[in-house]
Amino acid sequence: MQILLDIILPVFLVIGFGYVAVWRGVFPLSGVDGLMKFTQGFAIPCLLFQAIAKIDIQASFHPGLLFSFYSGAAACFALGMFGARILLKRDWEDCVAIGFCCLFSNSVLLGLPISERAFGPDALTGNYAIIALHSPFCYGLGITVMEVTRNRGESVAVMARAVGRAMFRNALVLAILAGFAVNLLGVSLPKVMDDALSLVVRAALPAALFSLGGVLLQYKPEGDKLAIAMVCIIGLCIHPALVWGMGSALSVPPDFFQSGVLTAAMAPGVNAYIFANMYGRARRVAASSVLIATGASVFTVWLWLMALG
């Protein structure tokens, strides 16, 4: 119970403040849109750029951690996609969007603050290693499969251009690439620039959690109950279980192991809805899954934290 009170509830209370503030009209919906654009387009990219620019790449990118997390994510993508096709008889394009909901854990808005509260700021190295590849991997996989599905019969060049355009319009991907460039080239950021980035970064997670609460108010949990239940089970239970099993088999060090399992246990992020909305497919499933899984993760994350000790 102490884990729930000390680690998980403070994060979800901030989300709840945003939800209630918009629900009661204290904070305008237009303000939530602006705050979300600030966090997704500026503050969180600054956080990722600064973290990756300073991270020890050789020590941080543990092969066992990355293999266990991303092979588990890819397996959940396939499980969600084929489950939607075989069990729910959905169109292939819908199946890809539903699979993406099972693939994309909320590694930043939920994963970072909960991991920091659980294990301390010095234990986030594994989180940042996962986050560095998260958007490129997930969007790369989802967009590639969707474009192949939609453009059956088109040339490889046409599909590659579609994937490239979608990837390199993403602010998170661009910030991650810029951070890698600064890190690998050994560039030292001027102190005044680093201090300015730090000011923006300190606002990133609280503002993002508050705006996430406001965004969730717009999602209505309606219809498609079996699809939503499938997404929640795969995302909240199967993905972390796969990471646990493979991480144990590969003897992933404890700090990295905790980061991998806990990040995998996060609910689908808002990006799941963004992806579905981008293609106009399974939007109701994506929106409802984000809302319901985020609420359910209060309890499932608690259980995973207790299992991790």
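Bear in mind these aren't lab numbers, they're just calculated from the coordinates by the rules spelled out. None of the values given here were measured: they were computed from a predicted structure. Here the Cβ positions follow ideal geometry from the backbone for every residue, glycine too, while neighbour counts run over all protein chains shown.
Below, the figures for the structure above:
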read-out	value
Distance between the range 184-206 and the range 34-82 - C-alpha centres, whole angstrom	19 Å
Three-way shape label, the range 159-309, alpha-carbon gyration tensor, a/c 1.5	oblate
Cross-link partners of K225 among lysines (Cα-Cα below 19 Å; sequence separation of 8 or more within a chain)	K89
Taking the chain and dividing mean pair separation by its residue count, relative contact order in percent (alpha carbons under 8 Å, at least six apart)	34 percent
Computed over the range 5-87, Kirkwood Rh from alpha-carbon pairs, angstrom	17.0 Å
Distance (nanometres) between label positions extended 7 Å along Cα→Cβ at R165 and L217	3.5 nm
Calculated from backbone phi, Karplus (6.51, -1.76, 1.60) coupling profile of the range 65-74 in Hz, x at Gly/Pro	4, 5, 5, 5, 5, 7, 5, x, 5, 5
Phi-based couplings in Hz for the range 176-181 (Karplus 6.51, -1.76, 1.60; Gly and Pro marked x)	5, 4, 5, x, 4, 4
Distant-in-sequence amide H partners of R90 (H built 1.01 Å from N, under 5 Å)	R85
